[in-house]
Amino acid sequence: MSGTVTAVRAAAPAPGRRGPRRRGAALPPPTVVLSLIVLAVVVAWSLAPGLFTGQDPVAGVTSQKLLGPSAAHWFGTDHLGRDVFARVVHGTASSVSSALVAVVIGVVVGGAVGLLAGFLGGLVDVVLARVVDVLLAIPSFLLAVIVVSSLGFRTINAAVATGVSAVAVFARVMRSEVIRTRRSVFVEASFLQGGSRTHVLLRHVLPNASRTVLALAVLQFGLSILVIAGLAFLGYGDPPPASDWGLLVSAGKDYPTAPWLVYAPAAVTIATVLSVNRTSRWLRGTG
Amino acid sequence: MDRGYLGFAARRVGQALVVVLLAYVVTFVVISVLPGDPVTNTLRNPENGFTEADVARIVAYYGLDQPVLVQLWESLSRFATGDLGVSLRSNLPVSQTIGDVLGSTAVLAAAALAVAVALAVLIAFGTQYLPVRAQGVLRALPSLFLSVPNFVIGLVLIHVFALQLGLFRVIYPDSAWATSFAALALGIPVSAQLAEVLTAGLDHESRQEYASVARSRGLGRTRLLLRHLLRPSSLPVVTVLALTVGELLGGALITETIFGRTGIGSLVESSVTTQDLPVLQAVVSLAAVVFVVVNLVADLVHPLLDPRVRKPPTRPSAEREVLAQEVSTP
C-alpha cells in the first residue's frame, strides 16, 4: 500500500543527528511516551490476551447481540453476541505477529540482496538491481495479493506475501547504505590493514548499514500491519472465527446500525500503527 | 537534444522493456506455484458450462499439458505480441474483459490523484503560511494519513456521507458523489507522501539565501512561494507522483470492492476468488507496464526540467532518489 517512497526517503537519517538521542538526555517527548505505552499494551495483549478480558472471543450469547459499548462490553457485541473487545484482544497476536513475520522476511531477504549487490558490485549488482526493479514495478499490494492467492488464504501466508512485497524496498535501502559505507575512508583503511572481505563486511559495513535498515524495519512494521489488515479485510487471511483486526472490520461493515463493530477494531489498528510510526521517527532522531 | 541525452534515453527505454518482460515472468512464476489445478477447479466446474471439447481447446491453447517452461515461453511470446489470452471464467478475451472496466478505474484513479495533489498542496502551503506553533496539526496530518487503513477511510466515508447524511446512494456507485468519495478514500493515503515531500521541499527552499534576498527585497509571501519556492520543490514531487501510480492501482482493489464499483481492482478481487489466472496474469503485468512507462516518462523528463541534472547520470533513478532525499531531509 502506501509506501515505497516514504519508506525509502524517511529511512534516510538526518545529517548530523544519526540514531537515537544521547542517553541520559531529557525524557522522550510526551507523544513518544504515549506511543510506547500503546505498544506495550499491544504486546501484552498479544502475549497474554486472557489477562485483559475474561470473555470468550469465539462463543457468544445470542440474546446479547449487537449491544452498544457499555461497561460490561467495552467495544459492544457483534451479531452473535460475542464481546468485540475480547475478539480484538484475542486477534492481536495474529495481527501483530504476522506483521513481524513480514518484516523479518523483508529485512533478511531484502537485506541479503542489497548487501550482495552493494558489496560485490559489478555484474552481481547489475543483475540484482534489475530484479529489484522488477519487484518494485509490480504494485506491492497487488504482488501481495497474487502471492497470498497462490499460497492459500491463511494469515501466515498473508504475512509471507507482505514480506515478499517489502523485499525490494529493503534491498534498495541496504544497497545504497552499503555503497555509502564502502566508499568511506575507514573501510579503505581496514582493507589496507589486510582485513579480509568477510571481516570488513561483518565488522564495518553491516553495522553501519544496519542502523538505517532497522529504522526502516520499524516503519515497515507499521505498514505491514496495514497491508495484512487489508488482506484480512478482503478475506485472504484466516477465516472466522479468527479475529484479525482487518477481518473484524470486514465482518462489522455489514451491520451499519452497529458502527462500533467497524470503529473499535479500526481505532485499535490506527492507534497501533500511529504509535509504531511515531516511535520510528523518534528512533531516527528526527523529532 | 544532445547525443548524451539520446543515449541515456535509449538505455532507459531498453531497461524498461527488460523490466516489463521480467515482471511478466515473475508474475507467471508466482501464479503457477499455485497449488490448485485451474483446469479441475474452474474449467470442469459444472457451473461454468464448459463442454469437454471446450476444456480440451483451452488446455491446448494455454498448453496446460506442457512443461512449465514451455508454458512460460508461449505465454510470454503471446504477451509480447499483445495477446492476453482468454478468461477462464467468462470465456471472453482478457483484453476485452479488462477494456470493459479500464475506463471506470481510470476515472477513479485520475480523480484520486487530483484529490491527493490538492490535499498535498493545501497541507504544504498551509505549513508555510501558519505561524510555527499552529503548524503542528498540519505537519502531523501526513503521518496520520499513513496510519489509517484505506478500507477504514472508505467505510467511514460511506457510513457518514451515504448512510447518515444521505449524500449518495451506495447502490449507484458510479454517480458523481459516490465517485468523488471513492476518490477521496483512494487519494488520502497517497496525499500523505506528496505532502511530506512538498512540505520538506518548501521548508528547504525557504531557508536558502535566494529566498532571504527575495524577502529582503520586500517580496510578498505568496509571490515568493509561487514564483520562487514552488518550482524547485515540485521536482521531487513529480518523482513521487510517478511512484504512486502503483499505489493507486493496489488501493483501487480495496476501494472498488468497498464502494461496489466495477473496475480493475474489483476484477482482480473476483479473479482471485474464481482463480481466473489469465486475467490475474494480465492485470498484474499491465500494472507493471503502466508503472514502468510512467516512471520512464518521469525519468526522461527530469533532466529536461532540472538544469542541475541535465548531464544525464548513468543510473538516473538512483540520482533522482538522492536528490529527493537531499531536498526532503534537510
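The values are calculated or read from the model by the stated rules, or taken from the named source; none is laboratory data. Just so it is clear, the model here is predicted, and its values are computed rather than measured. Quick reminder, even Gly has a Cβ in these numbers, built from the backbone with ideal geometry, and neighbours come from all protein chains shown. Note: areas computed on protein heavy atoms with side chains; ligands, DNA, RNA excluded. Shrake-Rupley method; radii C 1.70, N 1.55, O 1.52, S 1.80 Å.
The charge dipole of the range A:98-286, taken about the Cα centre with unit charges on the Cβ atoms of Lys, Arg (+1) and Asp, Glu (-1), comes to about 640 debye, rounded to the nearest 20. Membrane-span-like helices in chain A, defined here as complete DSSP H runs extending at least 15 Å along the helix axis by their C-alpha atoms with mean Kyte-Doolittle hydropathy no lower than -0.5, are A:30-47, A:84-105, A:122-137, A:140-151, A:155-182, A:206-233, A:260-283; this is a sequence and geometry rule, not a statement about a membrane. Remark: the range B:54-185 carries a charge dipole of roughly 580 debye about the Cα centre, counting +1 on each Lys and Arg Cβ and -1 on each Asp and Glu Cβ. Ranked by the mean number of other Cβ atoms within 10 Å of their residues, highest first, the peptides B:104-111, A:83-90, A:258-265 fall in the order A:83-90, A:258-265, B:104-111. In this structure the amide hydrogen of B:VAL86, modeled in the peptide plane, comes within under 5 Å of the amide hydrogens of B:VAL94, none closer than 5 places in sequence on its chain. Peptide A:218-225 has a mean shielding of 1, counted as Cβ atoms of other protein chains within 10 Å of each residue's Cβ. Peptide A:266-276 is shielded by partner chain Cβ atoms: per residue, an average of 3 of them sit within 10 Å of its Cβ. Think of the protein assembly as shown as having a plus end and a minus end, set by charges on the Cβ of Lys, Arg, Asp and Glu; of B:LEU186, B:VAL132, A:LEU274, B:VAL132 sits farthest toward the positive end of this dipole.
Peptide B:231-240 has a mean shielding of 1, counted as Cβ atoms of other protein chains within 10 Å of each residue's Cβ. Seen from A:GLY68, the other residues with C-beta closer than 15 Å to its C-beta sum to a net charge of 0, counting Lys and Arg as +1 and Asp and Glu as -1.
Taking both sides together, the accessible area buried where B meets A is about 4500 Å² for a 1.4 Å probe.
Provide the FRET efficiency to the nearest 0.05 for the A:VAL104-B:ARG57 pair, computing r from the beta carbons and using R0 = 56 Å. FRET efficiency, A:VAL104 to B:ARG57: 0.75.
Please work out how much accessible surface A:ILE270 shows to a 1.4 Å probe, ignoring ligands, DNA and RNA, in Å² rounded to 10. Its heavy atoms expose roughly 40 Å² to the probe.
Taking a Cβ cut-off of under 10 Å around B:PRO173, the surrounding Lys, Arg, Asp and Glu residues balance to a net charge of 0, with basic ones at +1 and acidic ones at -1. Ignoring ligands, DNA and RNA, what accessible area per residue does the range A:98-286 give at 1.4 Å, in Å²? Value for the range A:98-286: 36 Å² per residue.
Using just its DSSP H runs of length 4 or more, each adding -39500 (n - 2.57), the protein assembly as shown gives a mean residue ellipticity at 222 nm of -23000 deg cm²/dmol after division by all residues.
How do A:ASP254, B:ASP276, A:ASP56 stack up against each other in accessible area, from largest to smallest, with a 1.4 angstrom probe? List each step's numbers first, then the result.
Values: A:ASP254 100, B:ASP276 5, A:ASP56 80 Å².
Greatest to least solvent exposure: A:ASP254, A:ASP56, B:ASP276.
Once the Cα atoms are used to define both axes, helix B:316-328 deviates from the longest principal axis of chain B by about 40 degrees. What you get for the protein assembly as shown, charging only the Cβ of Lys and Arg (+1) and of Asp and Glu (-1), is a dipole of about 2900 debye around the Cα centre. The residues neighbouring A:PHE141, those whose beta-carbon lies less than 13 Å from its own, together hold a net charge of -3 under the Lys/Arg +1, Asp/Glu -1 convention. Considering only A:PHE119, A:LEU216, A:ALA144, whose Cα is most displaced toward the positive end of the charge dipole of the range A:98-286, charges sitting on Cβ of Lys, Arg (+1) and Asp, Glu (-1)? My answer, from the dipole projection, is A:PHE119.
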